[in-house]
Structures are given as structure tokens and as C-alpha cells.
């Protein structure tokens with residue numbers, strides 16, 4: 001096949017309204033307001049040979065307009081380039097925005113391009129992205145998070161847990177980190193008794209404990225045989241997480257808030273978790289995520305990517321050891337397709353690329369858009 005080139009790049013900022021205002025521990029400690037929407041940055045890439053790729057990044061509570069603005073500043077650099085040269089193109093975009101660094105918001109903006117280029121490449125090969133990258137399995141263990149937030153009563157959390165298990169989701173995660181530790185324990189006990197001892201259960205404190213509280217709560221939570229305790233401390237407290245990892249029997253999971261490979265390297269080098277939870281849109285896309293997977297595998301860590309199951313299902317399927325992928329139904333309105341769950345696992349779709357296309361509803365929720373190149 002002769003060399004192809006990128007003809008057009010289109011960007012869209014899409015605001016997804018949530019059905020209910022969402023609260024985790026950061027709301028109850030006064031650090032954030034309830035979350036009512038998520039802002040997505042979509043990148044659509046088309047080539048001269050009529051190949052198409054779709055990628056996205058996202059921002060919760062703040063940063064969405066800035067991601068879109070940065071992406072719009074550098075997008076034109078892709079026009080005329082060979083879309084197969086993903087590594088070179090992402091480096092080119094990094095240098096185009098070098099003054100704002102290689103982590104955080106700028107990196108997250110580039111993630112949408114990176115994912116779109118991989119989606120395009122897999123579609124050209126006629127393969128699901130997982131198969132293009134080299135899958136170890138065709139399905140991944142999955143757990144539900146969207147039903148376990150602190151704005152829901154214990155009865156509501158139990159009901160959602162039952163529904164999730166009935167839908168073929170294999171495990172349940174609930175939020176903790178309330179100012180009242182006794183209430184956290186009551187909720188965990190209630191869910192454990194409701195789902196039984198054989199269903200994997202995780203908890204997530206969303207960084208709201210100090211070191212003393214995290215250690216004490218970790219010890220009290222051990223009776224519930226948890227699969228992991230997530231983000232017990234500030235995301236950048238490597239030393240504190242390392243101490244918990246050494247001390248507690250329950251595995252420690254963290255990493256979702258880190259916004260670069262370098263930040264994850266500090267976590268890995270510090271032996272600061274048992275389960276690492278990178279987020280491809282936050283670390284810069286699939287190119288960077290693959291680097292992280294290699295580092296994590298070398299240290300024998302388990303992997304449980306954060307959010308964006310439409311991307312992370314494919315990546316988790318490529319990790320050498322069994323992984324987890326987080327089931328969120330929030331993004332369903334954005335896409336025409338649905339991911340299937342069965343017997344506790346999420347199935348890698350047989351559709352080429354990511355296997356999703358933007359819905360008309362997503363386009364209706366678009367607040368800004370811009371295109372570069374030829375239609």
C-alpha cells in the first residue's frame with residue numbers, strides 16, 4: 001500500500017452531563033464540589049486514503065477548555081504527515097508545545113491525537129486495537145465503580161451492586177474517606193454482607209486520609225478481605241504509600257491522578273503500590289501507557305487502569321498478567337456501541353480499532369469545534 005498522509009484533523013469539546021451530581025470523599029472534606037459533568041476532547045483524524053481515527057481525552061471539574069485550546073494550537077502540525085509514524089508525530093506535537101511541559105494538561109491534550117492515531121492504525125489493519133498491540137486475552141476482569149459513590153445511600157449502593165453483578169460485572173468498588181470513619185466501616189460492612197464473601201470488593205478513599213488514618217483504617221478494613229484499598233493518601237505521597245504497601249495485608253492501588261510517565265516511575269521505583277492504575281488520557285495516550293505497562297510488568301505489579309474503559313479494555317488485554325478494568329456507564333451516551341460484560345469479565349469487541357463511534361448525542365453536546373486541513 002502506498003504511503004498515506006493526514007488530510008484533516010477535527011477537534012470537538014463535548015460536555016457530558018451526569019444524571020446525578022456525584023460526590024466522593026473530596027466533596028465531604030470540602031475540597032471539591034459535587035461533579036455534574038465531564039468535558040471531553042475528541043480528535044478525529046482523516047487521511048488521503050479515506051482512513052479515519054477517533055480519540056479522546058477528558059477533564060473532570062476543570063481544565064476542559066484549556067485542553068481544547070492547547071490541542072487546537074498544535075493540531076495543524078499533523079496535516080500532511082504519515083499517520084503510521086505515531087511516535088514521531090507525538091514527539092513533534094510535544095515540541096510544538098514544549099514551553100508548557102510534558103505532563104498535566106498539555107500531555108492530556110495530546111492524548112486525544114495519540115489515541116486517534118492508534119484507532120486509525122488498527123482500523124487500517126482490520127483489527128481490534130488489542131489485537132494490533134498484541135493481546136494476552138480476549139476479555140478482562142471488570143468491576144463497577146459508578147454505583148458506589150458517597151452521594152448514594154447504603155441501600156442505593158447495595159441495589160446498584162446487585163444490578164452490576166446481574167449484568168455480568170464481576171466485582172464492586174465503593175467510595176470511602178468520609179470524615180466519620182465509623183460510617184465508612186458501616187458502609188463497607190453492609191456491602192460485604194450484601195454481596196457475600198466470594199465477590200471481590202474494593203474501596204477508594206480518593207486521597208483523603210492522612211498517614212495515621214490510612215494505617216488505622218487499613219488495619220480495620222482487613223477483616224473484609226478487600227481486593228485493594230485505592231488512593232488512601234495524597235497521590236504524590238510516594239513514601240506514605242510505600243509504607244502502607246509494606247505494612248498492610250490488603251493490596252494498595254494508586255496512580256490514576258498522575259499525569260506523566262515520569263510521575264509513575266517515581267511510584268514504581270518507590271515500591272509504593274501493589275496495583276498501579278494509570279489513565280491513558282491523563283498520561284498522554286497509548287504511546288505513553290505502553291511505556292508504563294513495560295515498567296510495571298518489570299516490577300511485577302498488577303494493573304487496573306482508571307476510567308475510560310473504551311480505551312483501557314484494549315490496553316488491559318495486552319498486559320502479561322491478569323488485570324482489571326473499571327466499568328463506568330457514564331460514557332454510554334457518547335458512543336453508538338456498547339461494551340459487553342459476561343461472567344465477571346468485559347469482552348474485547350471484534351470491531352476494528354477501539355470499536356466505538358461518536359453518537360449524534362455527543363455531537364449535540366459539542367460546545368466548540370474546529371478543523372484543520374481539507375474536508
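Some observations on this one:
- Rg followed by Dmax, in Å, when region 130-347 is reduced to its Cα trace: 16.5, 48
- FRET efficiency for residue 234 and residue 197, using Cβ-Cβ distance with R0 set to 35 Å, rounded to 0.05: 0.65
- Nearest-0.05 FRET efficiency for residue 136 and residue 271, computed from C-beta distance (R0 25 Å): 0.55
- Approximate spin-label separation residue 163-residue 372, in nm, with each point projected 7 Å along Cα-to-Cβ: 4.2 nm
- From helices alone, the chain scores -11000 deg cm²/dmol at 222 nm; the rule is -39500 (n - 2.57) for each run of n ≥ 4 DSSP H residues, then divide by the residue total.
- Fraction of beta bridges assigned by DSSP in the chain that are antiparallel (%, nearest 5): 65 percent
- Max mean-square fluctuation residue, GNM over the chain, Cα-Cα springs under 10 Å, options 75, 316, 21: 21
- Calculated SAXS-style log₁₀ I(q)/I(0) at q = 0.20, 0.22 Å⁻¹ - region 179-253, Debye, Cα scatterers: -0.80, -0.96
- Counting every other Cβ atom within 10 Å of each residue's Cβ, 283, 199 order from fewest to most as 199, 283.
- Structure remark: mean-square fluctuation, Gaussian network model of the chain, C-alpha springs under 10 Å; the largest value among 277, 32, 208 belongs to 32.
- Enclosing the Cα atoms of the chain in their convex hull gives a volume equal to 127 cubic angstrom per residue.
- Within region 64-98, backbone nitrogen closer than 20 Å to the virtual label 7 Å beyond the Cα of residue 37 toward Cβ: 64-72
- Gain on full stretching of the segment that runs from residue 52 to residue 329 - 0.36 nm per residue minus C-alpha separation: 97.2 nm
- Nearest-ten-degree value, helix 105-125 long axis tilted from longest Cα axis of the chain: 70 degrees
- Cα centroid separation, region 287-334 to region 198-236 (Å): 21 Å
- Of the three principal axes defined by the Cα atoms of region 38-128, the extents in descending order read 36, 27, 17 Å.
- Cα gyration tensor shape for region 80-197, rounded if a/c is under 1.5, else prolate or oblate: oblate
- Nearest-ten-degree value, helix 86-96 long axis tilted from longest Cα axis of the chain: 90 degrees
- Rounded to the nearest 10 degrees, the inclination of helix 64-74 to the longest alpha-carbon principal axis of the chain is 30 degrees.
- Sequence of 194, 264, 70 once ranked by neighbouring C-beta atoms within 10 Å, starting from the fewest: 194, 70, 264
- Simple spin-label estimate for residue 350 and residue 222 in nanometres, 7 Å along Cα-Cβ: 4.8 nm
- Residues residue 336 and residue 298, FRET efficiency given R0 of 35 Å [Cβ-Cβ distance, rounded to 0.05]: 0.35
- Each label was represented as a point 7 Å from its Cα along the Cα-to-Cβ direction; for residue 212 and residue 183 these points are 2.2 nm apart.
- Computed lengthening from residue 21 to residue 360, 0.36 nm per intervening residue step minus Cα-Cα distance: 119.7 nm
- Mean separation of Cα contacts under 8 Å (6+ apart) over length of region 130-347, as relative contact order %: 25 percent
- From most to least packed by mean Cβ count within 10 Å, the peptides 214-224, 137-147, 357-367 give 137-147, 214-224, 357-367.
Here, each number is a calculation from the coordinates, and none is a lab measurement. Since we're looking at a predicted model, the values are computed, not measured. Neighbour counts are summed over all protein chains in view; Cβ atoms, including those assigned to glycine, are modelled from backbone coordinates with ideal geometry.
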